[in-house]
Each structure stands twice: as C-alpha cells, then as structure tokens.
Number of protein chains: 2
Amino acid sequence: MALERFEEQDFLACCGSTKFAKEMVLASPFTSLEEAIAAARNIWFNKVDVNGWLEAFSSHPQIGQSASSAHTSHTAAQWSKGEQSTALATSTGSSLQELSDWNAQYRQKFGFIFIICASGRSTAEILAELKKRYQNRPIVEFEIAAQEQMKVTELRLGKLFSTKTKPASTGKQ
Amino acid sequence: MALERFEEQDFLACCGSTKFAKEMVLASPFTSLEEAIAAARNIWFNKVDVNGWLEAFSSHPQIGQSASSAHTSHTAAQWSKGEQSTALATSTGSSLQELSDWNAQYRQKFGFIFIICASGRSTAEILAELKKRYQNRPIVEFEIAAQEQMKVTELRLGKLFSTKTKPASTGKQ
C-alpha cells in the first residue's frame, strides 16, 4: 500500500489540537489507517496536554447546532454535520431545545462543551447520555470527553484515508 | 467555638481559584477548621472545573523561586515562602539550577507548573518527586497536581484559622 502523506491541516480537521496535528505530521507517513490510529491514540493520550484537550473540545460545534460558530475548518464542519445526521433526523423542535438547555447547563458546570461521538446516535440517546454524564466530577468528565474525542478522531482519520489518498510519489517530500 | 467569617480574598490566598473562593464564602461561616476543610474538599474536587484548577495552579510561584512573578496576594506569597523553607534551607546553587531546568521541562510537557505540597520537604526530595511525576500521562499528572493543591489548601486554611480569628459578633454579616 502506498504511504499516505497528509498536511497539518488534514489532521487538524480530525482533532482540533494544534499539538496533535503537528505531532501527527512528525509521525507520518503512515503505511495504513491502523498505524495512523495507533499513533493518534499515543499522541492524544500521552503527549497532548490538558490545554490541548480543551483546545480540541472548543473546535467542535455544540451538539445539535451547526459548525458555523466554532473555530473549525470546512472539512471538519462537513464531517461534524455527517456525524450528527442520525441525531438531526430524529430530532424535534422541543428535543433540540431541551438539548440546547442541557448543553448550556453542562458547559456552566464543566467549562467546556459536551463532547460525544454522535455517529449513529439519536437525539434522545445523546440527551440521555448528557444527563447521565452531567452528574460526574469535573475531572472524570474531562477524561470521558477526551475518550469521546478520540472516537471522533478515529472516524475522521478513516474518512481522511478514504477520501484523500495521496501516493507518496506525487506528494510533497 | 465562635463562627469564623472570612472574605473571598482570604480563601483566594489558600487556593487561587476564583470559583473556589466564591463557593467557600457561600459555604461559610464554619464552626471549625474541620468543617472548612470538608467544604473545601467538596468544592475543589466536585465543583471547581478544570479551568479553575489551571487558574489555581498558575497562582503559585514555580517551586524554588520567589512568589514575585506569580499573580498572588501578599499573604499567599508569605505562606508559599514558609512552605518552601525546608527546601530553601537544603538547597545549593546547583540543585536549584537542576530544579529550575526540570521545572521548565515539566511545564513544557504538561502546560502548567509543577505543584507539590513542599512543606517539610528538602530540595532533593522535591526534585526526585518531580522526575518521577514527569513520566506520567498528562491527565494523570493533572489529577495528582490537584491533590497536591488540596494539601496546600488544607495547610493554609489551618493558618487562616489560627491567625485571623474573627468572632461572628464583630464580623460583617
């Protein structure tokens, strides 16, 4: 299989931590998606510090909202929309309002937005999960959010590999 | 025992998180130091969010240095000096330099300064602890730092109670 070469911007669309994106570039090229995911896990959990986690969280739109207000790339915005497609298809005006209210309450308690790997999840499931996680201690919730971010990152790395295949011979060296 | 009444500024000298200080005022008056410590533990671990933890960490001087550069009160600066008296008495020029170098490396990895309850600890002990903790994952180290901050807070609440006794009858209501 051809070596995959990506830019910092590509990895930033997978996870909004600058440190993460820079370290992924340093760790690349990757011979497979599996190798990229293993590197991503190591970087995210062992090298990115807590400020980097907060930076990545802040690059997401609030769940149930569009990405327009978050500091995010066009690619990340499109992916975010796709990940929330099940939730959007199953939502009603009142469930979206309830989600928005709980999001505000969550942010008030924890100081960052509710992060969940929304792929394939209905609005009701997301809301139930938000209410459950709201009970957690801040440090416990911080680590759960980081694990959810990692799930999102893995899905997006998969999309990156499937949509932007650049053989090493034509890529920048 | 008389009820102890303290101001936000008093609690801020014990722990540099604004949220912590405000919640302590709301939870007071306390009938004993034990009651104040129980309230402080609950507030610090259950109510102060991760941004508040980072705020508290940033109010400390780097270990082995004076408090002049940190955003801290005169009281906190004096207490910090007292807490580091064993370390300072046991330090040499070269050990302080090594501590400073490791502090910089620690901060580079974790994004906040090395927090340790230095009371009664020599420079050699502090340095050994720093080197050991440097190996930790960022999220693990973040929680250890918060536990060390709580030890500092408890010691300082003790000082607050022993030096600033204000009976409720003369305090502001």
Which far-off residues, 5 or more places away or on another chain, put their amide H under 5 Å from the one on B:Phe30, with H placed in the peptide plane? B:Glu4
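Answer rounded, prolate or oblate for region B:1-59, using the Cα gyration tensor with square roots of eigenvalues a ≥ b ≥ c: rounded when a/c is under 1.5, else prolate when a/b is larger than b/c, else oblate. Before the final figure, lay out the partial values.
Values: a/c = 2.48, a/b = 1.76, b/c = 1.41.
Prolate, since a/c reaches 1.5 and a/b exceeds b/c.
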Label-to-label distance, nm, for residues given as B:His74 and A:Glu8 (7 Å Cα→Cβ offset): 4.6 nm
So what's the angle, to the nearest 10 degrees on a 0 to 90 scale, between helix B:33-42 and the longest Cα principal axis of chain B? 60 degrees
Under the convention of a label 7 Å out along Cα→Cβ, give the distances in nm from A:Ser58 to the same position in every other copy, shortest first. 1.0
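Sort B:28-41, A:40-53 for me by packing, meaning the mean count of neighbouring Cβ atoms within 10 Å per residue, highest on top.
A:40-53, B:28-41
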Where along chain A is the Cβ that lies nearest the axis linking it to chain B, and how many Å separate them? A:Val50, 3
Counting partner chain Cβ atoms within 10 Å of every residue's Cβ in B:145-156, what's the average? 0
In sequence order, what are the phi-derived ³J(HN,Hα) couplings for region B:116-126 according to the Karplus relation 6.51 cos²θ - 1.76 cosθ + 1.60 with θ = phi - 60°, rounded to whole Hz, with x for glycine and proline? 8, 6, 7, 3, x, 9, 7, 4, 4, 5, 4
Label-to-label distances across copies for B:Gly120, with labels 7 Å out along Cα→Cβ, in nm, shortest first? 5.4
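Once you have the Kirkwood Rh of region B:66-155 from its Cα pairs, apply Stokes-Einstein at 20 °C and 1.002 mPa s and quote D in µm²/s.
Values: Rh = 13.6 Å.
Answer from the Stokes-Einstein relation: 157 µm²/s.
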Taking a cut-off of 26 Å, what percent of all Cα-Cα pairs in the protein assembly as shown are separated by more than that? 58 percent
Does anyone have the angle between helix B:18-27 and the longest principal axis of chain B? Alpha-carbon axes, 0 to 90°, nearest 10? 30 degrees
Along region B:49-54, Karplus-curve 3J(HN,Hα) (6.51, -1.76, 1.60; θ = phi - 60°) to the nearest Hz, with x for Gly and Pro, reads 7, 5, 5, x, 4, 4
So for region A:81-128, using the alpha carbon gyration tensor with a ≥ b ≥ c as root eigenvalues (a/c under 1.5 gives rounded; past that, a/b versus b/c decides prolate or oblate), I'd call it oblate
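Using a 10 Å cut-off on Cβ to Cβ distances, tally the other chain neighbours for every residue of A:40-53 and report the average as a whole number.
On the way: counts 0, 0, 0, 0, 1, 4, 5, 3, 3, 11, 12, 7, 2, 5.
That works out to 4 on average.
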In degrees, nearest ten, helix A:93-110 long axis to first principal axis of chain A (Cα): 80 degrees
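Relative contact order of region A:1-125, please, whole-number percent, based on alpha carbon pairs below 8 angstrom and at least 6 residues apart.
Values: 148 pairs, mean separation 27.7, N = 125.
For region A:1-125, the relative contact order is 22 percent.
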A:Glu8 label points, 7 Å along Cα→Cβ, one per copy: pairwise distances from this copy to the rest in nm, shortest first? 3.9
Enumerate the whole-percent occupancy of each 10 Å bin, from 0 to the last occupied one, for all C-alpha pair distances of chain B. 10, 38, 34, 14, 4, 0
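Every number here is computed from the coordinates shown, using simple stated rules; none is lab data. Predicted, not measured: the structure shown is a model, and the values here were computed from it. Here the Cβ is made from the backbone with ideal geometry for all residues, glycine too, and neighbour counts use every protein chain on show.
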